[in-house]
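*Asks:* Structure incoming, see below.
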Amino acid sequence: MLFGKQEDRPVLDKNNIPVHIAAIMDGNGRWAQKRGLPRTAGHSAGSEAFQRAAEYLQSLGVKYFTVYAFSTENWKRPEEEVQAIMGLLDRYLRKAIREMAEKNIRLHFFGDLEPLSDNMKKLIAETNEISRGTTGMQVNVCLNYGGRDEIVRAVRSLARDCARDGMPPEAITEELFSSRLYSANIPDPDLTIRPGGELRLSNFLLWQNAYSEFYFTDTLWPDMDEAELDKAIAAYQGRKRRFGGI
Ligand code: IPE
Ligand code: IPE
Ligand code: MG
């Protein structure tokens, strides 16, 4: 890995920027606790870190940025925290609706959106509508997302085709299965970043992460600035991807 003299920032190979970067936005609560602030202040800082990261990765030429915002398991948190996270999403979406066309960002959602509030569903429908007209980096926000839930939904959809339309089970291929996931038509992540010090996937993109390169760091998500993202990309650029070959 090459390091520039200034700020110890690695020099990135502009010809080897990951096409798809995924991030588990973890560590917001601890970021706030370290500062004597309520956990919700950490989510607010995390939301700002997300917007900065999206703009920076777009400037590097990343085509897809998938972020884990709220898992199917995060409903276990106190109602007050869940509401604070939903409130931040609401604010982000309202801002995105105003700025998406100008910034040329496409927003897309992965997850079971049915249990969300009517207001949130309306905002999501509006962003989807605007996304049809934008051509820039696609940001996939995983909201009430679980990798297992996504797989079970894909299985149900294929089982319906078999039971109802008589599709032979042998017709089910990896490609057909992939086409029933939220990520249909999107290449798998090249690099998956998990800040916050935990060394686990927490139900994130279980199928799509088959051959992703992982980058784990103790840095907390609200502190993932451009220099920290560069470190993750530099680590990726130092890897040898074999996909099972030699
Ligand atoms: C991630 O930060 C945000 C969500 C899960 C919504 P956390 O809230 O999990 O932060 P820590 O892990 O408690 O520090
Ligand atoms: C993963 O973080 C989910 C999101 C960042 C949205 P968690 O904080 O929920 O993960 P665990 O509970 O530490 O595995
Ligand atoms: Mg966490």
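*Asks:* Quickly run through region 29-38 and pick out the residues that are within 7 Å of ligand 1 (Cβ to nearest atom) and buried (at least 19 other Cβ atoms within 10 Å of the Cβ). Talk me through it step by step, then tell me what you get.
*Replies:* Looking only at region 29-38, we keep the residues that are within 7 Å of ligand 1 (Cβ to nearest atom), and these are 29-31.
If the condition is that a residue be within 7 Å of ligand 1 (Cβ to nearest atom) and buried (at least 19 other Cβ atoms within 10 Å of the Cβ), then G29, W31 are the ones that fit.
*Asks:* Moving on. Mind listing whichever residues of region 127-151 are over 19 Å from I85 (Cα atoms) and surrounded by 15 or more Cβ atoms within 10 Å (Cβ to Cβ)?
*Replies:* The first filter runs over region 127-151 and keeps only residues over 19 Å from I85 (Cα atoms), leaving 128-138, 147-151.
I130, S131, T134, M137, Q138, G147, D149, E150, I151 - these are the residues of region 127-151 that are over 19 Å from I85 (Cα atoms) and surrounded by 15 or more Cβ atoms within 10 Å (Cβ to Cβ).
*Asks:* Out of (1) in contact (Cβ under 8 Å) with a residue 60 or more places away in the chain; (2) closer than 30 Å to L93 by Cβ; (3) surrounded by fewer than 21 Cβ atoms within 10 Å (Cβ to Cβ); (4) in contact with a Phe, Trp or Tyr (Cβ under 9 Å, 6 or more places away or on another chain), the odd one out for A154 is which?
*Replies:* (1)
Listed here are the residues, each with its yes/no results for (1) open to solvent by less than 30 Å² (accessible area, probe 1.4 Å); (2) not β-branched (V, I, T).
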position: V19; (1), (2): no, no
position: D26; (1), (2): no, yes
position: G46; (1), (2): yes, yes
position: F50; (1), (2): yes, yes
position: L89; (1), (2): yes, yes
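*Asks:* Among residues belonging to region 194-230 that are open to solvent by 60 Å² or more (accessible area, probe 1.4 Å) and touching a strand residue (DSSP E or B) at 6+ places or on another chain (Cβ under 6 Å), point out the one that is farthest from A22 (Cα to Cα).
*Replies:* Restricting attention to region 194-230, the residues satisfying the condition of being open to solvent by 60 Å² or more (accessible area, probe 1.4 Å) are 199-200, 206-207, 210-211, 214, 216, 218, 225-226.
Those left that are additionally touching a strand residue (DSSP E or B) at 6+ places or on another chain (Cβ under 6 Å): 199, 214, 216.
Details: L199: 15, F214: 10, F216: 12 Å.
Restricting to residues being open to solvent by 60 Å² or more (accessible area, probe 1.4 Å) and touching a strand residue (DSSP E or B) at 6+ places or on another chain (Cβ under 6 Å), the top hit is L199.
*Asks:* Filter region 174-193 down to the residues that are within 15 Å of the chain's Cα centre (by Cα) and surrounded by fewer than 18 Cβ atoms within 10 Å (Cβ to Cβ) and list them by number.
*Replies:* A184, P187
*Asks:* Considering every residue within region 95-109, establish whether at least one is closer than 22 Å to L201 by Cα, in contact with a helix residue (DSSP H, G or I) (Cβ under 8 Å, 6 or more places away or on another chain) and open to solvent by less than 20 Å² (accessible area, probe 1.4 Å).
*Replies:* no
*Asks:* Would you mind telling me which numbered condition in (1) over 17 Å from K103 (Cα atoms); (2) touching a residue at least 24 places away in the same chain (Cβ under 8 Å) Y64 fails?
*Replies:* In the conditions (1) over 17 Å from K103 (Cα atoms); (2) touching a residue at least 24 places away in the same chain (Cβ under 8 Å), Y64 misses (1) alone.
The values are calculated or read from the model by the stated rules, or taken from the named source; none is laboratory data. All values reported here derive from a predicted model rather than from experimental measurement. With ideal geometry, Cβ positions are generated from the backbone for all residues, glycine too; neighbour counts draw on all protein chains shown. Keep in mind that these areas ignore ligands, DNA and RNA; they rest on the heavy atoms of the full protein, side chains included. Shrake-Rupley method; radii C 1.70, N 1.55, O 1.52, S 1.80 Å.
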